[in-house]
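As structure tokens, the structure follows; a few thoughts come after it.
Every number here is computed from the coordinates shown, using simple stated rules; none is lab data. These numbers were taken from a predicted model, which means no experiment stands behind them. So basically every Cβ, Gly included, is an ideal-geometry build from the backbone, and we count neighbours across all protein chains shown.
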Amino acid sequence: ECFSKHPLQNRWALWFFKNDKSKTWQDNLRLITKFDTVEDFWALYSNIQLASKLTSGCDYSLFKDGIEPMWEDNRNKRGGRWLITLSKQQRHAELDRFWLETLLCLIGEMFDDYSEDVCGAVINIRAKGDKIAIWTQEAENRDGVIHIGRVYKERLGLSSKMVIGYQAHADTATKSGSLMKNKFVV
Amino acid sequence: EKKRYDREFLLGFQFIFASM
């Protein structure tokens, strides 16, 4: 019993994206590995670069096994994301902590009965400002989306004055920048 | 039975790997 690993509710896949403009978006996306125990998660986390050490243009994505980290996947296309945008200063102070908290929320199934709505999470390392998002599978599932957003905000330790927004992928795909519309905020 | 783990439980395992 002492030596058995602790199983997770789901098997998770960690993906890595490195921006190489000579290749297609999909060719730049690589599956690193899959894991389904607490111990194997830490073995992986301890052996990869911290997000803050990645070069600009890179992403990590952690998704449930069978869901690809792209809008087009059947489990994502009706969904959306709770988006955390970080200032350049936050890369030093908070980026790695926020990403680790995000990973723990996912693998620990910390969104109660709505954990089933979660598809995965993405971190984008960008010169203009990093982003972290939790993706859920159904943007119209208001109760689930709001619950996940509230728990997530609390886990990150964000102040009640800070507002985070949820955007449907269908809207994100057709709009950008200031035109991006928040479907929900918490 | 669903496998749920809280933050502190999960973090406890990080130190096992950090000390190896």
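If exposed means no more than 13 neighbouring beta carbons inside 10 Å and the site is in a DSSP loop, what's the longest run of chain A without any exposed GluC sites (Glu not before Pro)?
Counting at most 13 other Cβ atoms within 10 Å as exposed, the longest clean stretch of chain A is A:2-71.
List, in the order given, every pair from A:Lys53/A:Lys128; A:Lys128/A:Lys183; A:Lys131/A:Lys153; A:Lys131/A:Lys181; A:Lys18/A:Lys181; A:Lys34/B:Lys3 whose Cα-Cα distance in the structure shown is over 19 Å.
Result: A:Lys128/A:Lys183; A:Lys18/A:Lys181 exceed 19 Å.
What dipole magnitude, in Debye to the nearest 20, does the range A:91-184 give about its Cα centre under +1 on Lys/Arg Cβ and -1 on Asp/Glu Cβ?
700 debye
Would you mind getting me the FRET efficiency between A:Lys88 and A:Asp36? Use the beta-carbon distance for r and R0 = 41 Å, nearest 0.05.
It comes to 0.70.
Hey, rough spin-label estimate for A:Lys128 and A:Thr174, points 7 angstrom out along Cα→Cβ, what's it come to in nanometres?
A separation of 2.2 nm, rounded to one decimal place.
Only helical DSSP H runs with n ≥ 4 go in: add -39500 (n - 2.57) per run for chain A, normalise by residue count and round the 222 nm mean residue ellipticity to 500 deg cm²/dmol.
Estimated from H runs of four or more residues: -7000 deg cm²/dmol.
Please report the relative contact order for the range A:104-160, taking Cα pairs under 8 Å with a sequence separation of at least 6, and give it as a percent rounded to a whole number.
31 percent
Considering the dipole of the range A:23-104 built from charges on the beta carbon (Lys and Arg +1, Asp and Glu -1) around the Cα centre, which of A:Leu86, A:Asn74, A:Leu50 is farthest to its positive end?
A:Leu86
Given +1 on the Cβ of Lys and Arg, -1 on the Cβ of Asp and Glu, and no further charges, what dipole in debye does the protein assembly as shown carry about its Cα centre, rounded to the nearest 20?
That gives a dipole near 960 debye.
Quick one: pull the percentage of alpha-carbon pairs in the protein assembly as shown with a separation above 31 Å.
The answer is 14 percent, as a whole percent.
Please give the Cα centre distance for the range A:35-70 versus the range A:120-186, rounded to the nearest Å.
The range A:35-70 and the range A:120-186 have Cα centres separated by 19 Å.
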